[in-house]
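For reference, the structure is listed below as structure tokens.
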Amino acid sequence: MKRLKKRNRQRGIHKTGITALGVLVGATAILSGCGGEKSPAGASSNGETETVQGPLQLNLMTYMYAEPPKPDSEIQKKIEAYTNTKLDISWVPKSTYNDKVNITLGSGELPKAMLVQNNKDSNILSSVRAGVFWEIGPYLNQYPNLSKMNKAVFDNIKVDGKIYGLYRERDLATSGIIFRTDWLKNVGLGAPKTIHELYEVLKAFTRNDPDRNGKHDTVGLTDEKTLEGFATIASYFGAPNGWEVKDGKMSPDFMSPEYLEAMRFYRKLYEEKLIKQDFPVLNNRQKKDDINQGKAGVVISNMIDSAGYQAALAKTFPGADVDVISRIQGPKGERTPGGQGYNSVYMFPKSSVKTEAELKRILAFFDKLSDPAMLDLLGWGLEGRHYQMKEGKPVFLDQKLHDMEIGSGYLQLQVAKYTAKTKGVETPLMEKFSKMMQENESIAVNNAANPLVSDTLTTKGSELKQMIEDARTKFITGKLDEAGWQKVIEQWRKAGGDKVMEEFSEQYTKNAK
């Protein structure tokens, strides 16, 4: 390590922010593309790297969560040096990003790379079919990192059987049950392994004074108006994840008997006041407050959230702690809902990217962002500012500063998983849920409609989805009986649902051939 640091000082790059992590990922990899006049920036048709003179001029559009990064920031300089690129980034607030995409498409003044949150929105679909974007599928095997991306996820983003963008990879199986372990000990129960045991925990957390304050002021489960946890519970009961293939045709999850069983379970929780009674009006922040303020003992969400709950509770309630589980035995064994495996897609307009050679250089830029050096720069930041090395592993000095300066902006350029960076110092809880997310991919139930496109769903999807979600909430809160639920399903079918099923089924049959 001393020899590496000495050599780095001689090269004038000590304290670059990548240096210490370079010990882990390889100093030569970190330094490639950072110094000479020529650097790898493209790939030839036979898979060999082409050498291109001068940096790639790349303007792209993506979103940010906070203030836009400054183009002369140290992070951007390092990205540009490593990838041999001159970046011109249009940063758009996440809250208005979809509107900006629509305006940009309408203007005809398109960037060379544009992040699209839903590549199957009607405006994107029509643009793809009108030939606005490059098809990139034939080029992917020419790049060492892009060629290793999950083929099944590329299937999920296909339009008419072709790939028109680079997806940003995410974990497939992230859902879990987060719960107060100190409360569990106080009520004399163990971590639930079945649906019935989960019910018993929720009942004890509501009725048995789990915080030992002598008051009846706690509730078992908290959720929000979108019922984030419902899909996980439904999967435990054996329901499909979104859509399933039934008798050779596509059918939505809410038409399955298992989905109805999950609704009955939630209705029982509501009737017995084991779930927050005002969940239909709560938002995500309020749901988190219920856990952090000691009002509720269980939340069903992304397992990663457990680390935040653990840190927050430790500050407020001495002795408080949380744990997470994800495997519950149900009628069909252990199951969990699988995600799409991605979040947003980078697409490349032909009006801006004029040639195949330029497209290859842009793809090479994203490929190099998946090199270990760039994953660590974006994931950890600068040594001494965002992280330090501890026992040979990186650990954040100031994660909030990293999130503000890198995570809310530059990290959005990355197509690899956020967890692909060098593994840092982790708490036992973090190690646990990281392992569980990987192991649970084997029991993840995928949405059979992910690779499919329905023009009707594209135009009427929000309306149709809201119809079912509103009825589900009414059923759970006792304002709708089972006959009323079936009537809503019939209304959904007449409002366009039958057409969606027909279009999905036609595509499924076509793809199967």
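What's the FRET efficiency of Asn59 with Arg170 using the Cβ-Cβ distance as r and R₀ = 35 Å, to the nearest 0.05? Mind showing how you got there, number by number?
Working: r = 26 Å, r/R0 = 0.74.
Calculated transfer efficiency: 0.85.
What angle, in degrees between 0 and 90 and rounded to the nearest 10, separates the Cα long axis of helix 305-316 from the longest principal axis of the Cα atoms of the chain?
It works out to around 70 degrees.
Between Lys474 and Ser73, what is the FRET efficiency for a Förster distance of 51 Å, r being their Cβ-Cβ separation, to the nearest 0.05?
Numbers: r = 50 Å, r/R0 = 0.98.
Plugging the Cβ-Cβ distance into 1/(1 + (r/R0)^6) gives 0.55.
Give me the 1.4 Å probe accessible area per residue for the chain, excluding ligands and nucleic acids, in Å². The partial results should precede the final answer.
Numbers: 23600 Å² over 513 residues.
Result: 46 Å² per residue.
Which angle from 0 to 90°, rounded to the nearest 10, does the C-alpha axis of helix 356-368 make with the longest principal axis of the chain?
Once rounded, the angle reads 60 degrees.
Ranked by accessible surface with a 1.4 Å probe, highest first, in what order do Leu397, Leu457 come?
Working: Leu397 85, Leu457 60 Å².
My answer, sorted largest first, is Leu397, Leu457.
Per the helix-only calculation at 222 nm, which mean residue ellipticity applies to the chain, given -39500 (n - 2.57) for every DSSP H run of n ≥ 4 and division by its residues, nearest 500 deg cm²/dmol? Numbers along the way, then the final one.
Details: 20 runs with 206 residues, N = 513.
Mean residue ellipticity at 222 nm (helix-derived): -12000 deg cm²/dmol.
Over the Cα atoms of the range 89-135, what radius of gyration and what Dmax do you get, in Å?
10.4, 28
For the range 192-249 and the range 268-344, compute the distance between their C-alpha centroids and round to whole Å.
That distance is 9 Å.
At q = 0.15, 0.16 Å⁻¹, what base-10 log of I(q)/I(0) does the Debye formula yield for the range 115-193 when every alpha carbon is treated as an equal point scatterer in vacuo?
-0.63, -0.68
Where the convex hull is taken over the Cα atoms of the range 262-405, what is its projected area averaged over directions, in nm²?
Working: hull surface 61.2 nm².
Taking the Cα atoms of the range 262-405, their convex hull projects to 15.3 nm² on average.
Filter Lys151/Lys432; Lys70/Lys393; Lys215/Lys435; Lys246/Lys487; Lys94/Lys423; Lys288/Lys417 down to the pairs with a C-alpha to C-alpha distance above 31 Å, please.
Listed pairs above 31 Å: Lys215/Lys435.
Fully extended, how many nm does the chain gain between Asn343 and Gln277 (0.36 nm per residue separation, minus their Cα-Cα distance)? It would help to have the intermediate numbers written out before the result.
Values: separation 66, 0.36 × 66 = 23.76 nm, distance 3.20 nm.
Difference between extended and current length: 20.6 nm.
Put one equal scatterer on each alpha carbon of the range 139-233, apply the Debye formula with no solvent term, and list log10 I(q)/I(0) at q = 0.11, 0.16, 0.18, 0.19 1/Å to two decimals.
Each listed q maps to, in turn, -0.56, -0.75, -0.86, -0.92.
Return the inverse of the average 1/r over all pairs of distinct C-alpha atoms in the range 168-307, which is the Kirkwood hydrodynamic radius, in Å to one decimal.
Numbers: mean 1/r = 0.0630 Å⁻¹.
15.9 Å is the Kirkwood radius here.
Test of understanding: express the Cα radius of gyration of the range 378-513 as a ratio to 2.2 N^0.38 Å, with N the residue count.
Values: Rg = 23.0 Å, N = 136, 2.2 N^0.38 = 14.2 Å.
Normalised Cα radius of gyration, the range 378-513: 1.62.
How much length, in nm to one decimal, is gained on full extension between Glu490 and Lys225, taken as 0.36 nm per residue of separation minus their Cα-Cα distance? Working shown, then result.
On the way: separation 265, 0.36 × 265 = 95.40 nm, distance 2.35 nm.
The span from Glu490 to Lys225 would gain 93.1 nm if fully extended.
What does the extension gain come out to for Ala311 and Gln438, with contour length at 0.36 nm per residue minus their alpha carbon separation?
Taking Ala311 through Gln438 to full extension adds about 43.4 nm, to one decimal.
Determine how many Å³ per residue the convex hull of the Cα atoms of the range 287-355 encloses. Could you put the intermediate results ahead of the total?
Details: hull volume 12.4 nm³, N = 69.
Output value, Cα hull per residue: 180 Å³.
Which FRET efficiency value, to the nearest 0.05, is calculated for Arg267 and Glu197 with the Förster distance at 25 angstrom and r the Cβ-Cβ distance?
Values: r = 19 Å, r/R0 = 0.77.
Here the calculated transfer efficiency is 0.85.
Give me the percent of the accessible area of the range 351-444 that comes from carbon and sulfur atoms, probe 1.4 Å, all protein chains in place.
Numbers: 2080 of 3930 Å².
Of all accessible area on the range 351-444, carbon and sulfur atoms account for 53 percent.
I'm spelling it out carefully: the read-out is mean projected area of the Cα convex hull in nm², the candidates are (i) 34.9; (ii) 32.1; (iii) 25.5, and one was derived from this structure. Which label?
(iii)
The values are calculated or read from the model by the stated rules, or taken from the named source; none is laboratory data. Just so it is clear, the structure is predicted and the values come from calculations on it, not from any experiment. All Cβ positions, glycine included, derive from the backbone under ideal geometry; neighbour counts span all protein chains shown. The accessibility values were calculated without ligands, DNA or RNA, using every heavy atom of the protein model including side chains. Shrake-Rupley method; radii C 1.70, N 1.55, O 1.52, S 1.80 Å.
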